[in-house]
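Below is one structure, written out as structure tokens, with a few remarks after it.
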Amino acid sequence: MQKDVKELTQKLQKNKKDLSIKKLFKTDPDRFSRFSKQAEELHLLYDYSRNLIDKEIFDGLMDIAEAARINDYAQRMFAGEKINWTEDRAVLHTALRDFSGGKIEVDGQDVMPEIVKAREKMKVFSEKVRSGEFKGSTGKKISTVVNIGIGGSDLGPRMAALALRAFSDGPRPVFVSNVDAADIIESLKGLDPETTLFLVASKTFTTQETITNALSARSWLTSALGEDAVEKHFVALSTNREEVERFGIDPENMFGFWDFVGGRYSLWSSIGLSLAISIGYENFESMLRGAEALDKHFLETEYSENIPVIMALIGFLYNNVYGFDTTAILPYSQYLERFPAYLQQGDMESNGKSVNRSGGPVDYHTGQIIWGEPGTNSQHSFFQLLHQGSRIIPADFIGYINPPERKGDHHDKLMANMFAQGEALAFGCTKEEAKKEMQDAGLSKEDIDMLLPHKVFRGNRPSSTLLFEELTPYTLGVLIALYEQKIFVQGILWDINSFDQWGVELGKKLASRILKKIGDAEVEGLDSSTSGLLAAYIKGKEI
Ligand code: F6P
């Protein structure tokens, strides 16, 4: 951490108090309005009143925000400065959702004209596929679009396509990511090569999983329709023209983006093509505009009212002052079923670092550990531990006042559960309350004595709630950008580079060495565990 941020954090650690959320609410009838924020332009109500903060802690967090000069760093990112210093790159996924008409320069070049051109190309192509003007090699309309990618080239479009299913009126999107053949085998079952379009999504176009799957898809297609069909059934979403050509995809069918767009931030680029084809370009653009609105809020709102800044600081407080290990992301929307998985890459690949800006080791925890599942299913799975486990796990609830479609009282029930869970986590259930409940139910004294300790909920478990007016492409854009900027702010607080990912390289390198060995090559220097496992695999392999 920068020196002054560290000192202010130590001050918070030193003055750490045993706050009771219940007492905080009792002593301050205005707590909800004090610690919540309605942002009309984002269609969002953010409630952070059920957190372990009081005015003094909140002010302490604001001092940290000031000391960290968050807005200066944000201005530098938005202006195209090369803030990803280990890769010597600008970080401009924000430019992809910029409709202001202004200039953004990297190395003295305005990048906006190229971005506008790329958006137009996506628009034209997605409309052609949707209308049937673009046809497969045998003249049939495309009915299924298979996105082959992994990591940021899969999680974003997959999550968003699921989230916006209710808006889909185009070809069906299918996603293949795992190098496990099961993924492509099962995904292609029942598909018709004549009406299937493959989007090979890979920023580098060298990723083992994606190229392996793309080659299998290619042979599935050519064995049915012949080599010439590739041109009409394969499109590349990439920054690497050379590799795209080498694969055999016509560069005309390549949708480019740039090295200033990180993989996990690439949904806003041509990597979102499967989504644009599924929901239509207008809806896709609306998602970009929601993200743009969040960016504006982030840049222009003072810290004490700034939602991503507050979210980042609360996460920081739990990580670095209270020492809570993990954070649960709990969308009360089936549409957001892949949101926690998407966020795992966004957050943990960005901030899972232990080297600071000066190249030295950090001596504090970085990176929030994110996990979660949609409610109400998660209530019947891990909520026991959230309510009564020995660890405190702060949670983010995400819900919508209006779902895309109402059916009976489903949504009221869903939301009642969401509100109730936050309430139960915060306020728990005392011994007296639990006892009275059992007495009212007519339980014997012996049963009450035996059950009582198990029926008590200590409460005081913090959570925040993001309550959107409705689930639309626009509010999905807001939600994603909100977490992106939260991650960015935390990277500044922890003084790390949130935009590289060297930590994924070693495993890739070792896997290719081991693959050579499976292919009978002589490989030196394997440890006895790896070579023992490998020997068992090679011996037992059925060919
Ligand atoms: O997992 C590492 C990573 O580099 C991610 O950052 C990226 O999203 C993913 O691999 C896929 O990379 P590509 O789009 O180049 O295939």
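The values are calculated or read from the model by the stated rules, or taken from the named source; none is laboratory data. On a predicted model such as this, the values are computed, not experimentally measured, just so you know. For neighbour counting, all protein chains shown are included, and Cβ atoms are generated from backbone atoms with ideal geometry for every residue, glycine included.
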**Request:** Take VAL179 and decide whether it is touching a residue at least 40 places away in the same chain (Cβ under 8 Å) and either within 16 Å of the ligand (Cβ to nearest atom) or within 24 Å of the chain's Cα centre (by Cα) (or both).
**Result:** no
**Message:** With the requirement that a residue be assigned to a helix (DSSP H, G or I), in contact with a helix residue (DSSP H, G or I) (Cβ under 7 Å, 6 or more places away or on another chain) and in contact (Cβ under 8 Å) with a residue 40 or more places away in the chain, what does region 420-457 give you?
**Reply:** GLN421, LEU425, ALA426, PHE427
**Residue under evaluation ALA90, criteria (1) over 18 Å from GLU302 (Cα atoms); (2) in contact (Cβ under 8 Å) with a residue 24 or more places away in the chain; (3) surrounded by fewer than 18 Cβ atoms within 10 Å (Cβ to Cβ), criterion not met** = (3)
**Request:** Might you check whether a residue that is out of contact with any strand residue (DSSP E or B) (no Cβ under 7 Å at 6 or more places or on another chain), in contact (Cβ under 8 Å) with a residue 24 or more places away in the chain and buried (at least 24 other Cβ atoms within 10 Å of the Cβ) occurs anywhere in region 248-261?
**Result:** yes
**Prompt:** Residues of region 138-166 being out of contact with any Lys or Arg (no Cβ under 8 Å at 6 or more places or on another chain), more than 16 Å from the ligand (Cβ to nearest atom) and over 16 Å from ARG338 (Cβ atoms), which ones?
**Reply:** THR138, GLY139, LYS140
**Asked** Which residues, taken from region 497-518, are within 16 Å of the ligand (Cβ to nearest atom) and either surrounded by 12 or more Cβ atoms within 10 Å (Cβ to Cβ) or in contact (Cβ under 8 Å) with a residue 40 or more places away in the chain (or both)?
**Response** ASN497, SER498, PHE499, ASP500, GLN501, TRP502, GLY503, VAL504, LYS508, LEU510, ALA511, SER512
**Fill in**
Among strands (runs of 3 or more DSSP E) completely within region 314-419, the ones holding 2 or more residues that are in contact with a Phe, Trp or Tyr (Cβ under 7 Å, 6 or more places away or on another chain), away from the ligand (no atom under 16 Å from the Cβ) and touching a residue at least 40 places away in the same chain (Cβ under 8 Å) are 326-331, 395-402
**Options PHE260, PHE247: the member that is more than 12 Å from the ligand (Cβ to nearest atom), modelled with pLDDT of 95 or more and under 26 Å from LEU506 (Cα atoms)** = PHE260
**Subset tally (residues that are assigned to a loop (DSSP other than H, G, I, E, B) and basic (Lys, Arg)) for region 496-543** = 1
**Prompt:** Among the residues of region 182-205, how many are surrounded by 20 or more Cβ atoms within 10 Å (Cβ to Cβ), assigned to a helix (DSSP H, G or I) and within 16 Å of the ligand (Cβ to nearest atom)?
**Reply:** 1
**Message:** Filter region 437-470 down to the residues that are buried (at least 16 other Cβ atoms within 10 Å of the Cβ) and of a type in the set (Ser, Thr, Tyr) and list them by number.
**Reply:** SER463, SER464, THR465
**Asked** Based on what the data block shows, is ASP63 touching a Leu at 6+ places or on another chain (Cβ under 7 Å) and acidic (Asp, Glu)?
**Response** yes
**Residue among GLU114, GLU81, GLU66, GLU133 that is touching a residue at least 12 places away in the same chain (Cβ under 8 Å) and in contact with a helix residue (DSSP H, G or I) (Cβ under 9 Å, 6 or more places away or on another chain)** = GLU66
**Asked** Between residues in region 206-226 that are within 16 Å of the ligand (Cβ to nearest atom) and residues that are part of a helix (DSSP H, G or I) and polar (S, T, N, Q), which pairs lie under 8 Å by C-beta distance while being six or more apart or on different chains?
**Response** THR207/SER153; GLN208/SER512; THR210/SER153
